[in-house]
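All of the numbers you see were taken from the coordinates with simple rules; none came from a lab. Note that the structure is a prediction, hence the values are computed from the model and not measured. When we count neighbours, we look across all protein chains shown, and the Cβ atoms used for this are built from the backbone with ideal geometry, even at glycine.
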Amino acid sequence: MNRHQLVLTNDNSLTVKDLHFEETFHSLSGAINESNYVYIDQGLKQFEFYEHLHIFEMGFGTGINAFLTFVNKPAYQTIYYESIDLFPLAKDFYPMLISMVNPSQKEIYQRILEAEWNATTYISKKFVVKKVMADMQNYYFQKTLHLVYYDAFSPKIQPELWTTEIFSRIFEFLEINGVLVTFASSGVVKKNLTAVGFHLERLKGYPPKKHMVRAVKK
Ligand SMILES: C[S@@+](CC[C@H](N)C(=O)[O-])C[C@H]1O[C@@H](n2cnc3c(N)ncnc32)[C@H](O)[C@@H]1O
């Protein structure tokens, strides 16, 4: 049986349900809108003035965060986008996912989705993607990070991905003023991020979530 199933969300964009965890990748109130709000508006846009940016994403999933990062970054900015996933989507899902974006942007999304795993791919001169099939529990960084999109399944489903052990590994590799953004804001997330040294900003969440978290390394 396939592990994944496409699901239509209320902004007419698609998300995926993981049938093993019984959890969707995005809010059913709008996959693309949620990704834009949490990771682009509250993450990427804080770094507009950086000429070079290293982003790490926990959970590549549909690749929509990488795609939205590409289309929203300032033209002068070079981004190295590193993303991991332990259970990548089968290629059969790509055509349906690609069909939901603007015709002029389909080719970019396709190139991001089709970029090889465990390799580094130039999507453009100023956007490099490194997709790695790996488990966050034993993933180690090689370069310092500016921005982390922490897009794991919720702590209720995968508590092992929200630990102080993982957060301290990220904290250690973040530059000063580096940021981790996540849709989550439960007590354990805030407690563990604070415990490893992050300063937390509690922001308005993407509905129906009341809050989300931006964690800063000061
Ligand atoms: C909430 S979804 C992320 C969705 C993705 N960012 C997107 O926008 O489509 C969580 C992702 O984490 C992946 N994942 C689950 N356990 C993992 C682990 N231990 N290490 C790395 N990735 C994992 C899942 O396969 C899934 O793609």
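On the stretch given as the range 172-192, residues that are more than 18 Å from Ile157 (Cα to Cα) and touching a Leu at 6+ places or on another chain (Cβ under 8 Å) total 7. Only one of the numbered conditions (1) surrounded by 14 or more Cβ atoms within 10 Å (Cβ to Cβ); (2) under 24 Å from Phe25 (Cα atoms); (3) not aromatic (Phe, Trp, Tyr) is not met by Lys126, and that is (2). Just the residues that are among the hydrophobic types (A, V, I, L, M, F, W, C), in contact (Cβ under 8 Å) with a residue 40 or more places away in the chain and part of a strand (DSSP E or B), please, taken from the range 173-210. The answer is Leu174, Ile176, Val179, Val181, Leu203.
Selection within the range 63-75: residues that are assigned to a loop (DSSP other than H, G, I, E, B) and either within 12 Å of the ligand (Cβ to nearest atom) or out of contact with any Asp or Glu (no Cβ under 7 Å at 6 or more places or on another chain) (or both). The member of this set that is nearest to Asn2 (Cα to Cα) is Gly63. For Tyr37, the requirement of being at negative phi and either outside any helix (DSSP H, G or I) or free of Cβ contacts under 8 Å to residues at least 40 places away in the same chain (or both) is not met. Taken together, Phe60, Phe49, Phe21 contain a single residue that is within 14 Å of the ligand (Cβ to nearest atom) and either assigned to a strand (DSSP E or B) or surrounded by fewer than 19 Cβ atoms within 10 Å (Cβ to Cβ) (or both), which is Phe21. Given the conditions (1) out of contact with any helix residue (DSSP H, G or I) (no Cβ under 8 Å at 6 or more places or on another chain); (2) without any contact (Cβ under 8 Å) to a residue 40 or more places away in the chain, report the number of the one that Val213 does not fulfil. Of everything listed in (1) out of contact with any helix residue (DSSP H, G or I) (no Cβ under 8 Å at 6 or more places or on another chain); (2) without any contact (Cβ under 8 Å) to a residue 40 or more places away in the chain, Val213 misses just condition (1).
Applying the condition of being away from the ligand (no atom under 12 Å from the Cβ) and among the hydrophobic types (A, V, I, L, M, F, W, C) to the range 24-46 and asking which residue is surrounded by the fewest Cβ atoms within 10 Å (Cβ to Cβ) yields Leu28.
Checked against the criterion of being touching a strand residue (DSSP E or B) at 6+ places or on another chain (Cβ under 9 Å), within 12 Å of the ligand (Cβ to nearest atom), under 22 Å from Thr121 (Cβ atoms) and in contact (Cβ under 8 Å) with a residue 60 or more places away in the chain, the range 151-172 contains one or more residues that satisfy it. Pick from the range 165-195 the residues that are over 19 Å from the mean Cα position of the chain (by Cα) and β-branched (Val, Ile, Thr): which of them is farthest from Asn138 (Cα to Cα)? Residue satisfying both the conditions and the ranking: Ile176.
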